[in-house]
1. Name the helices (runs of 4 or more DSSP H) wholly inside the stretch 238-347 in which the number of residues that are at pLDDT below 95 is 2 or more.
2. Taking only pairs six or more apart or across chains, which ones have beta-carbon atoms under 7 Å, a first residue in the stretch 193-204 that is touching a residue at least 40 places away in the same chain (Cβ under 8 Å) and crowded, with 24+ Cβ neighbours inside 10 Å, and a second residue that is in a helix (DSSP H, G or I) and of a type in the set (D, E, K, R)?
3. Of the residues that make up the stretch 123-141, is at least one aromatic (Phe, Trp, Tyr) and within 27 Å of MET242 (Cβ to Cβ)?
4. Please enumerate the residues belonging to the stretch 109-164 that are closer than 19 Å to CYS361 by Cβ and among the β-branched types (Val, Ile, Thr).
5. Consider THR211 against the criteria (1) of a type in the set (S, T, N, Q); (2) over 22 Å from ALA308 (Cα atoms); (3) modelled with pLDDT of 95 or more; (4) in contact with a Gly (Cβ under 7 Å, 6 or more places away or on another chain): it satisfies all of them except one. Which criterion is unmet?
6. Determine whether ALA245 is over 19 Å from GLY95 (Cα atoms) and buried (at least 24 other Cβ atoms within 10 Å of the Cβ).
7. Just give me the residues in the stretch 32-59 being out of contact with any Cys (no Cβ under 7 Å at 6 or more places or on another chain) and over 21 Å from LYS104 (Cβ atoms), in sequence order.
8. Just one of (1) in contact (Cβ under 8 Å) with a residue 40 or more places away in the chain; (2) within 18 Å of PHE148 (Cβ to Cβ); (3) surrounded by fewer than 24 Cβ atoms within 10 Å (Cβ to Cβ); (4) not β-branched (Val, Ile, Thr) trips up GLY97, so point out which.
Amino acid sequence: MYISKFMAPEIIFGKGSLNQVGECCSRLGSSRVFLVADRGIIRHRWVEKALPFLDEAGLEHWIWSDFSANPRDYEVEEGVRTYLENDCDAVLAIGGGSTIDAAKAVATLSTNEGRIQDYEGIDLIYNPLPPLIVLPSTSGSGSDVSQFSIIADSERKIKMTIISKSLIPDISISDPLLLSTIDGRVTAHTGMEALSHAIEAYLSLAATDMTDIHALHAIELISRNLRASVASQVNEEAKVAMGKASMHAGIAFSNAVLGLAHAMTHQVGGMLDLPIGEISAIILPSVMRFNLLSSIDKYVRIAAIMGARVDRMTPREAAEKAIAMVWELAQDVGIPSGLAELGLPEELLPELSENAIKDACFITNPRDADVADIIEIFRSAL
């Protein structure tokens with residue numbers, strides 16, 4: 001018998017939905033909210049705009065923003081100390097994927113002993129987490145609807161992948177207005193990250209009919225709207241579409257997991273301390289080329305969804321077109337042509353490849369690979 005599970009948080013989506021934040025925290029039983037927000041979100045006054053809704057609901061709050069763009073293990077530990085010292089009873093995150101990942105990690109250690117390294121891997125969180133409410137400010141990470149948290153290990157210089165049903169937020173409030181303060185460069189990185197989520201979820205060994213629906217819709221939305229969203233911060237239609245795309249891609253990969261592109265991306269991100277979206281956008285076409293023989297029919301579907309006239313092509317031609325269209329989109333929105341442009345030296349490839357094969361995302365890649373294969377994929381992406 002084939003058995004599958006499908007999980008998602010309560011989702012509130014729409015312009016102005018930020019005003020739901022107080023009511024959501026309150027009905028989950030909170031009275032003392034630990035508010036996690038990055039400095040950019042604070043600078044753009046989104047936290048300031050959220051606070052009156054917490055006050056209206058009679059909620060006390062503490063704001064924590066002492067973490068990096070790629071949150072580190074020791075920063076999470078400091079956040080947990082602040083959470084416990086103030087006797088908080090819920091975690092509210094307003095920000096991008098890094099903010100939400102940091103919030104998830106703090107929530108984990110607030111009720112589970114040890115260090116965050118103890119939870120690297122799949123389903124290693126045993127005690128229930130406090131209520132978790134998130135408001136994404138970027139259209140890419142999908143962390144607001146997923147069971148993933150990515151935290152940098154400061155000693156090993158890698159990004160740890162923590163996967164657990166416990167990490168799925170209780171409520172995701174997605175207000176596309178928050179996307180209007182994100183510049184074109186970040187919009188490009190996060191949009192390509194959402195595309196890599198959708199494509200890897202669609203190709204994953206754990207994909208199901210349910211995850212395919214979300215993955216394919218995300219691919220379609222991104223291919224139609226990312227260029228316009230990068231071009232203009234005030235293109236409301238494109239921002240709404242990209243907000244939906246990120247949500248659908250997040251739901252897809254949360255349930256289907258990912259693949260080799262993310263297993264490789266996490267290693268480079270941990271080593272160079274760079275945005276995951278930019279790295280995955282560079283690596284994705286090379287991994288797609290490697291995986292092609294395992295999933296030609298799915299590649300044909302990707303090409304069609306992105307607008308190719310596949311009825312005029314052989315399956316192999318259409319599959320190759322899918323890879324080319326992903327590459328073209330990345331170039332159009334300003335993604336570098338190779339990892340060498342980011343400063344990745346070739347001598348690190350064996351170490352990065354050894355670590356990638358241990359990453360939890362590799363388990364669901366549709367094609368088997370060994371360290372030598374991954375080194376060659378890295379080389380092709382240089």
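The values are calculated or read from the model by the stated rules, or taken from the named source; none is laboratory data. It should be emphasised that the depicted structure is a prediction, and the values quoted were computed from it without experimental measurement. Every residue, glycine among them, receives a Cβ derived from its backbone with ideal geometry; neighbour counts consider all protein chains shown.
1. Details: elements: 260-272, 276-291, 296-305, 315-332.
Output list reads 260-272, 276-291.
2. TYR202/ASP212; TYR202/LYS298; LEU203/LYS298
3. no
4. Scanning the stretch 109-164 gives ILE116, ILE122, ILE125, VAL145, ILE150, ILE151, ILE158, THR161, ILE162, ILE163.
5. Unmet condition: (4).
6. no
7. Those that are out of contact with any Cys (no Cβ under 7 Å at 6 or more places or on another chain) and over 21 Å from LYS104 (Cβ atoms): ARG43, HIS44, ARG45, GLU48, LYS49, LEU51, PRO52, PHE53, ASP55, GLU56, GLY58.
8. For GLY97, the failing item is (3).
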